[in-house]
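Read the structure below first, then the notes.
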Amino acid sequence: MGTNGSTMLEPLRQGLPPLDPSAVSGTASVALPARYEAVGCARQFTRKTLGQWNLDERFDDIALVVSELVTNALRHALPADTPREQLDPPVRLHMMRWSSRLVCAVRDPSDESPVTRDTDDDFSAESGRGLFLVESFSDGWGWHPLAGTLRGKVVWALFQLG
């Protein structure tokens, strides 16, 4: 299942599991606007991409995770003091498919680590459940800072196929 986030607000830093780049059978990427309509755009992009890859039956779980990752990026990763229309592109969704795995990765401009919450937290609250849902509906997740001169991070979720 997902990665353990048993301590309240515990940051998790984990790179992608070993995946052979030469075995990639498909990649897709989309820049998303810095508005909450981006979540709908990400879902449409996910539906189209999974359809092209003959993975329509996986749409519900994958789209839920993509929605949460994009929502988290919009809610927590964009600088509040920067006009959102000036961020270009502020958030990007990448999908990579191997024969037996699919990775959905969301890139954002923040250097702040994502944090998980205890499952004992108040789940009647509107926010705070995103990474719990990502962990529950994917086969693993993590994040890593961008390398070199790029600012920000990538938060990813892994799905086993077949």
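The values are calculated or read from the model by the stated rules, or taken from the named source; none is laboratory data. Everything numeric here is computed off the predicted structure, so don't read it as measured data. Neighbour counts run over all protein chains shown; Cβ positions are idealised from the backbone, glycine included.
Considering Glu57, Glu68, Glu37, the condition of being among the acidic types (Asp, Glu), at pLDDT 85 or above and crowded, with 19+ Cβ neighbours inside 10 Å is satisfied by Glu68 alone.
So that you can scan it fast, the table gives a plain yes or no per residue for (1) at pLDDT below 85; (2) assigned to a helix (DSSP H, G or I):
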| position | (1), (2) |
| --- | --- |
| Asp81 | yes, no |
| Met96 | no, no |
| Leu102 | no, no |
| Val106 | no, no |
| Thr119 | yes, no |
| Gly128 | yes, no |
| Phe132 | no, yes |
| Glu135 | no, yes |
| Ala147 | yes, no |
